[in-house]
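Structure first, commentary second.
The values are calculated or read from the model by the stated rules, or taken from the named source; none is laboratory data. Note that the structure is a prediction, hence the values are computed from the model and not measured. With ideal geometry, Cβ positions are generated from the backbone for all residues, glycine too; neighbour counts draw on all protein chains shown. Side chains included, ligands, DNA and RNA excluded: accessible areas come from the protein's heavy atoms. Shrake-Rupley method; radii C 1.70, N 1.55, O 1.52, S 1.80 Å.
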Amino acid sequence: MSSQGTSSDEKLILSERDGRAVVITLNRPDKLNAINEAMATQLMAALDAAEADRDVLAIILQGNEKAFCAGADLSGFSDATEDRYDNYRARYNQRKTRAVYRYLHNYTKPVISAVEGFCLGGGLELALFGDFIVAGEGAQFALPEARHSLIPGAGGTQNLPRRIGPALAKELMWTARRLSAADAKEIRLVNHVVPKGEALAKAKAIVGEMEASGPLAIMMIKQAVNRGTEMPLALGFYQESDLAQLLAFSEDRQEGVKAFAEKRKPKFKGQ
Ligand code: COA
């Protein structure tokens, strides 16, 4: 197995509450936030805490001004012959640098990636497992794995085509081409481009806009959209209907409708 440990005393992830958002910062600046086992473990712990806190509406992921994340830690890619079958097994559960992506796939709260600088390889794959990306003008995006004779193995070959279409996704992965923030916006890889250094502020402003919405409705919209992309349209309509009906049992839905009738702002409790 790789020599990367799963524990570290270093704080590779910083987590800070900001209003209804939790800002999670990748904090390995000397390695451009390349993700290793310890960082992935800490990231899941931070996401876990935020998901369990009912007051938290959304998560904002960020790096620093030079790099959101330069990908998987390439120094952990040793593969001794005698370890190959263990490594294969480890990809499924033990290796946290894999588990963190699947963890995000099942995450129930909005995850917005506020990207400045490099967003490469596993860094872009991380952002793609989030719900959308907001980029500062200097951001650069690429899946350069093929340059190392790797493939984007953290969901990139699946998530990128679903986001921008298979033809363009293949071209970008085959060429490892780097996209500017403006190029990324043009192909809808990112939702917004803002002046350099302002991606976090933009992400916070979006969470601010979401604050008037019911948190249960936000969760169900995420479930309906994510599941819907994996099923035939007719089944998508059924599951949408089921999720809409599930809300009928919530206090928040009653409060939302009542508040509208009473011409006042609703007070949602997330229940
Ligand atoms: N894994 C491990 N370490 C990484 C890394 C990665 N994916 N990306 C950057 N680093 C480390 C560098 O090795 C260097 O460490 P050192 O100072 O101990 O030598 C440090 O981060 C700074 O990177 P450096 O290459 O010196 O910065 P740069 O500004 O010259 O170049 C990049 C920046 C992003 C172009 C370059 O680091 C790069 O190509 N990284 C790999 C990107 C990639 O292929 N990602 C996909 C991985 S599957």
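How many residues are under 22 Å from Gly130 (Cβ atoms) and away from the ligand (no atom under 16 Å from the Cβ) if we restrict to region 47-86?
16
If only one of Glu37, Glu65 is touching a residue at least 60 places away in the same chain (Cβ under 8 Å), over 15 Å from the mean Cα position of the chain (by Cα) and open to solvent by less than 60 Å² (accessible area, probe 1.4 Å), which one is it?
Just a single option satisfies the conditions, and that option is Glu37.
Can you name the number of the only condition in (1) part of a helix (DSSP H, G or I); (2) closer than 23 Å to Val225 by Cα; (3) in contact (Cβ under 8 Å) with a residue 40 or more places away in the chain; (4) in contact with a Phe, Trp or Tyr (Cβ under 9 Å, 6 or more places away or on another chain) that Ala114 fails?
(1)
Please specify each residue of region 107-127 satisfying the condition of being in contact with a Lys or Arg (Cβ under 8 Å, 6 or more places away or on another chain) and more than 14 Å from the ligand (Cβ to nearest atom).
Those that are in contact with a Lys or Arg (Cβ under 8 Å, 6 or more places away or on another chain) and more than 14 Å from the ligand (Cβ to nearest atom): Thr108, Lys109, Pro110, Ala114.
Filter region 11-28 down to residues that are within 16 Å of the ligand (Cβ to nearest atom) and either among the basic types (Lys, Arg) or surrounded by fewer than 13 Cβ atoms within 10 Å (Cβ to Cβ) (or both), then give me how many there are.
Residues flagged as within 16 Å of the ligand (Cβ to nearest atom) and either among the basic types (Lys, Arg) or surrounded by fewer than 13 Cβ atoms within 10 Å (Cβ to Cβ) (or both) within region 11-28 amount to 1.
From Arg162, Arg177, which residue is loosely packed, with under 15 Cβ neighbours inside 10 Å and under 16 Å from the mean Cα position of the chain (by Cα)?
Residue meeting the stated conditions: Arg162.
Mind checking which pairs have a first residue in region 191-204 that is free of Cβ contacts under 8 Å to residues at least 40 places away in the same chain and a second that is crowded, with 17+ Cβ neighbours inside 10 Å and not in a loop (DSSP other than H, G, I, E, B), Cβ under 9 Å, 6 or more apart or different chains?
Ala201/Ala114; Ala201/Val194
Determine whether Ala127 is within 20 Å of Ala46 (Cβ to Cβ) and surrounded by 20 or more Cβ atoms within 10 Å (Cβ to Cβ).
Here the answer is yes, as Ala127 does meet what is asked.
Can you name the condition, by its number, that Gln239 falls short on among (1) surrounded by 13 or more Cβ atoms within 10 Å (Cβ to Cβ); (2) in contact (Cβ under 8 Å) with a residue 40 or more places away in the chain?
All conditions pass for Gln239, except number (2).
Would you confirm whether or not region 154-164 contains a residue that is at positive phi and in contact (Cβ under 8 Å) with a residue 12 or more places away in the chain?
Yes, region 154-164 contains a residue that is at positive phi and in contact (Cβ under 8 Å) with a residue 12 or more places away in the chain.
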